[in-house]
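Okay, so here's the structure we're looking at.
The values are calculated or read from the model by the stated rules, or taken from the named source; none is laboratory data. Just so you know, these numbers come straight off a predicted model, no measurement behind them. A quick note on method: Cβ atoms are made from the backbone with ideal geometry, for glycine too, and the neighbour counts reach across all protein chains shown. With ligands, DNA and RNA removed, areas are computed over all heavy atoms of the protein, side chains included. Shrake-Rupley method; radii C 1.70, N 1.55, O 1.52, S 1.80 Å.
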Amino acid sequence: MEYIGSILYDDALLKEKQEIIIFGAGMYGKKILHYLERNGVKENVAAFCDSSEKMQGTSVENVPVYDVEEAWKRYPEAIFLVSGGYMDEMYRILRSKGIGRVHMLFF
């Protein structure tokens, strides 16, 4: 894990050309997307990933939603953002797949 803290102080998210995958396409995922949009880096969001099969293969605000493995395969250099009530579970899922570039964010 690279970062735990407030999204407001995570400067890595605002770097140009940094691919971002948001874990969770629900309320918290959309909050993260809107924050990134307000800060001019929405285009860095490559995808959402979600554990829910009903979300996979859809899109949220024109951003595709994949399962975790597909998102990582497509964007191996991306950082993953997790937030919300299932943050610990999301982190465990990512770590179990060997994904280490994870930012846990609090709003």
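Look at (1) surrounded by fewer than 17 Cβ atoms within 10 Å (Cβ to Cβ); (2) closer than 23 Å to Gly100 by Cα and you find that Gly57 fails only one, number (2). Put simply, of Glu37, Glu19 the only residue that is surrounded by fewer than 18 Cβ atoms within 10 Å (Cβ to Cβ), among the acidic types (Asp, Glu) and either out of contact with any helix residue (DSSP H, G or I) (no Cβ under 7 Å at 6 or more places or on another chain) or under 15 Å from Met104 (Cα atoms) (or both) is Glu37. Would you confirm whether or not segment 80-93 contains a residue that is outside any strand (DSSP E or B), in contact (Cβ under 8 Å) with a residue 12 or more places away in the chain and under 9 Å from the mean Cα position of the chain (by Cα)? Taking every residue of segment 80-93 in turn, at least one turns out to be outside any strand (DSSP E or B), in contact (Cβ under 8 Å) with a residue 12 or more places away in the chain and under 9 Å from the mean Cα position of the chain (by Cα). When segment 79-107 is filtered for residues that are over 12 Å from Ser51 (Cβ atoms) and among the acidic types (Asp, Glu), only Asp88 remains. Do you know which residues across segment 40-54 are surrounded by fewer than 17 Cβ atoms within 10 Å (Cβ to Cβ) and either in contact with a helix residue (DSSP H, G or I) (Cβ under 6 Å, 6 or more places away or on another chain) or among the basic types (Lys, Arg) (or both)? Scanning segment 40-54 gives Lys42, Lys54.
Which residues, counting only those in segment 73-107, are in contact with a Leu (Cβ under 7 Å, 6 or more places away or on another chain) and open to solvent by 70 Å² or more (accessible area, probe 1.4 Å)? Residues satisfying the conditions do not exist here.
Could you say whether any residue in segment 64-72 is open to solvent by less than 80 Å² (accessible area, probe 1.4 Å), out of contact with any Leu (no Cβ under 7 Å at 6 or more places or on another chain) and at pLDDT below 90? No, segment 64-72 has no match at all.
Would it be correct to say that Pro64 is part of a loop (DSSP other than H, G, I, E, B) and either without any contact (Cβ under 8 Å) to a residue 40 or more places away in the chain or more than 16 Å from Glu19 (Cβ to Cβ) (or both)? Criteria not met by Pro64.
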